[in-house]
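To start, I am sharing the structure in question, which I have written as structure tokens.
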Amino acid sequence: MSTATLADTGIIQITKACKACDHCTSVCPTGAVKGLLGQKHSIDYKTCINCGQCLINCPFGAIIDTSSVEQVKQALNDSGKTVIVQEAPAVRVALGEEFGMPVGTNVKGKMHAALRKLGFDKVYDTEFAADLTIMEEGTELIHRVFKLAGVAGYEDRGPLPQFTSCCPAWIKYAEDKYPAILPHLSSAKSPQQMFGAIAKTYAANKQGVNPADMVSVSVMPCTAKKYECDRPEMKASGFQDVDYVITTRELATIIKDAGIDFVNLPDEEADKLIGTSTGAATIFGVTGGVMEAALRTAYEILSGESLNKVEFTAVRGMQPVREATVEIPIKDLGINLPVNVCIVTGTKYVDKVIEDVLAGRSKYHFIEVMNCPGGCINGGGQPIRHEMY
Amino acid sequence: MSIFKEKSVFTRRQFLIGSGMLAATVVITGIFAKLGFDAYAVSDDYIEKRAAGLYNLDEKMAIRKSHENSEILQIYKDFLSPGEVSPVSEKAHHLLHTKYGKEIPAMIEELHAHQHDAA
């Protein structure tokens, strides 16, 4: 019954162009790059978490990721298929770099227009699913807090602190190295996989499309998302929920191959139904963003009050490990709860946080972990900053 | 000929090769340590700019809280928890939640059973 999948073989390969310089070894968060300085390197797929940090930081462009670009092009040319697409928040502030635009330019509208020109039947948005993630993961957190407070009816909920579960590299790291921490992970799927499960059920039904004829494509700043969509359990719709993942770099290549004048495209909106999103979803792409989005919703739901200021700047920043305390009035319990949160960006910094939780020393309620330094904006699928070398 | 064999641990040739490799390793490591340091200094700059891009976009969005997204309210009312907005409903649990590690094989069995029920 078992067939080889990306989950077994890994996403990242080191090619013969490797100059054995050891730079990848220094950026790899798990020590999965094997080979001494001077020896051509290779990857140990047992410990590799597919994050692609080695790839975007290789001075010689010697590291590559598996590609589904040809399959996506074939699907677009197949009139019998309904091809839909989702794009992660971090893609829209990096895609422009591949077309000579300044770093950080927001090309959300041009990105939607380009995808429509490429022939995608529906151009939706991962951000919709990021909002859905907040609803599910935020509610799960509230239930775990109720359990801790001894509220009846929540006895079977998971333990605190709750860890975020959006980052597939972090998930694999936890599964590989810290199985004991898994009950602390939110059971909520990542936005990409929530989107996939919704697309082939709810959206297929509303569009009047047979889900068997639907091809679900995802544009991600991330190489680990290619692994995530291929995990054998990601078939809640009865089909593979997300068929193909392409990176920001690969989307740029497809747009260039099609001869589209990207810079001069008009701005277009995503399609309705599962394409509308909020600012809370947009900031998922930066470290601390999932935490901030969750706090905006958890605060209003628990307190029954409307926030005057939606920004929680205490959780922002670029330090690898940050913490903050947010006082939330819980209307139903009649108490003020100081919620302790922690944000980790860079898997190599998470060990101590996990060990404190396992030893019962942790004071946190909610912990966000993103593998890449800075969050998804610096993911392994993003444009490579060639001027660095 | 063995009477001419040197008694030291290394031959002269081995010593020269060894010290040459050692010197090269020190120099190359030094160069890449420096390069790595510089690369990070630049990399922070572009990470900050992409982050600023997302925070600016957030400020421009008409709605900035997930629970106020009209399509989110609609998908709960129409599909996930018919008639109400109630996250972690049974349907949401099936479609939007997952398991990890050694619980996955049982979850896959459950998915298959669910498909047979649906069929």
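The values are calculated or read from the model by the stated rules, or taken from the named source; none is laboratory data. Just so we're clear, the structure is a prediction, and the values are computed from it rather than from any experiment. Note that each Cβ is placed from the backbone with ideal geometry, even for glycine, and that neighbours are counted across all protein chains shown.
Check A:GLY196, A:GLY279 and return the single one that is over 12 Å from the mean Cα position of the chain (by Cα), surrounded by 19 or more Cβ atoms within 10 Å (Cβ to Cβ), touching a residue at least 40 places away in the same chain (Cβ under 8 Å) and within 14 Å of another protein chain (Cβ to nearest Cβ).
So the residue among A:GLY196, A:GLY279 that is over 12 Å from the mean Cα position of the chain (by Cα), surrounded by 19 or more Cβ atoms within 10 Å (Cβ to Cβ), touching a residue at least 40 places away in the same chain (Cβ under 8 Å) and within 14 Å of another protein chain (Cβ to nearest Cβ) is A:GLY196.
Restricting to the range A:127-144, what's the tally of residues that are over 17 Å from A:MET291 (Cβ atoms) and surrounded by fewer than 24 Cβ atoms within 10 Å (Cβ to Cβ)?
So the count comes out to 1.
Of all residues in the range A:82-122, how many are in a helix (DSSP H, G or I) and away from chain B (no Cβ under 14 Å)?
6
Something else: Has the range A:61-83 got at least one residue that is in contact (Cβ under 8 Å) with a residue 60 or more places away in the chain and basic (Lys, Arg)?
yes
Search the range A:336-377 for residues being touching a residue at least 40 places away in the same chain (Cβ under 8 Å) and over 15 Å from A:PHE163 (Cα atoms), and hand back the single one that is farthest from the other protein chains (Cβ to nearest Cβ).
Per the criteria, the residue is A:LEU337.
Conditions tested, residue by residue: (1) more than 7 Å from chain A (Cβ to nearest Cβ); (2) of a type in the set (Val, Ile, Thr); (3) crowded, with 17+ Cβ neighbours inside 10 Å.
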| site | (1), (2), (3) |
| --- | --- |
| B:SER66 | no, no, yes |
| B:ASN69 | no, no, yes |
| B:TYR76 | yes, no, yes |
| B:GLY83 | yes, no, no |
| B:SER86 | yes, no, no |
| B:HIS97 | no, no, yes |
| B:TYR100 | no, no, yes |
| B:GLU103 | yes, no, no |
| B:ALA113 | yes, no, no |
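A:THR253: assigned by TED's automatic domain parsing to the domain that holds A:LEU95, touching a residue at least 60 places away in the same chain (Cβ under 8 Å) and either at negative phi or crowded, with 24+ Cβ neighbours inside 10 Å (or both), yes or no?
yes
Can you list the strands (runs of 3 or more DSSP E) found entirely within the range A:317-372 that contain at least 1 residues being under 19 Å from A:ALA180 (Cα atoms) and among the aromatic types (Phe, Trp, Tyr)?
So the answer is A:366-370.
Another question, then. Would you call A:VAL72 out of contact with any Ser or Thr (no Cβ under 6 Å at 6 or more places or on another chain), over 17 Å from B:ARG50 (Cβ atoms) and in a strand (DSSP E or B)?
So A:VAL72 fails the test.
As an exercise: evaluate A:LEU55 against (1) assigned to a loop (DSSP other than H, G, I, E, B); (2) of a type in the set (A, V, I, L, M, F, W, C); (3) surrounded by 16 or more Cβ atoms within 10 Å (Cβ to Cβ) and give the number of the one condition it does not meet.
(1)
Follow-up question, since we're still on this one. Would you mind telling me which numbered condition in (1) in a loop (DSSP other than H, G, I, E, B); (2) in contact with a His (Cβ under 7 Å, 6 or more places away or on another chain); (3) on the phi < 0 side of the Ramachandran plot A:ALA20 fails?
Of the numbered conditions (1) in a loop (DSSP other than H, G, I, E, B); (2) in contact with a His (Cβ under 7 Å, 6 or more places away or on another chain); (3) on the phi < 0 side of the Ramachandran plot, the odd one out for A:ALA20 is (3).
Then there is this: Given the condition crowded, with 24+ Cβ neighbours inside 10 Å, small (Gly, Ala, Ser), within 27 Å of A:LYS272 (Cα to Cα) and under 21 Å from the mean Cα position of the chain (by Cα), answer yes or no: does some residue in the range A:99-119 qualify?
Within the range A:99-119, not a single residue is crowded, with 24+ Cβ neighbours inside 10 Å, small (Gly, Ala, Ser), within 27 Å of A:LYS272 (Cα to Cα) and under 21 Å from the mean Cα position of the chain (by Cα).
Is there a residue being closer than 15 Å to A:VAL350 by Cβ, touching a Lys or Arg at 6+ places or on another chain (Cβ under 7 Å), not small (Gly, Ala, Ser) and not in a strand (DSSP E or B) anywhere in the range A:155-166?
Among the residues of the range A:155-166, not one is closer than 15 Å to A:VAL350 by Cβ, touching a Lys or Arg at 6+ places or on another chain (Cβ under 7 Å), not small (Gly, Ala, Ser) and not in a strand (DSSP E or B), which makes the answer no.
Report yes if some residue within the range A:124-139 is at positive phi and not acidic (Asp, Glu); otherwise report no.
Taking every residue of the range A:124-139 in turn, none turns out to be at positive phi and not acidic (Asp, Glu).
Right, next: Hey, can you tell me all the residues within the range A:283-308 that are of a type in the set (S, T, N, Q), assigned to a loop (DSSP other than H, G, I, E, B) and surrounded by fewer than 24 Cβ atoms within 10 Å (Cβ to Cβ)?
A:SER306, A:ASN308
Just to be sure I understand the filter: pairs with C-beta atoms under 6 Å, separated by 6 or more residues or on different chains, first member in the range A:123-147 and more than 7 Å from every other protein chain (Cβ to nearest Cβ), second member of a type in the set (S, T, N, Q). Which pairs pass?
A:TYR124/A:GLN86; A:ASP125/A:SER277; A:THR126/A:GLN86; A:GLU127/A:SER277; A:GLU137/A:SER186; A:GLY138/A:THR297; A:LEU141/A:GLN162; A:ARG144/A:GLN162
Still on this structure, I have one more. Which is among the basic types (Lys, Arg) and buried (at least 19 other Cβ atoms within 10 Å of the Cβ), of A:LYS147, A:LYS122?
Just one listed residue meets the conditions, A:LYS122.
May I pose another question? I want to confirm something. Restricting to the range A:296-319 and keeping residues that are among the aliphatic types (A, V, I, L, M) and more than 10 Å from every other protein chain (Cβ to nearest Cβ), which single residue is nearest to A:VAL219 (Cα to Cα)?
A:VAL315
Kindly evaluate A:MET220 against the criterion of being in contact (Cβ under 8 Å) with a residue 12 or more places away in the chain, within 11 Å of chain B (Cβ to nearest Cβ) and under 25 Å from A:TYR244 (Cα atoms).
no
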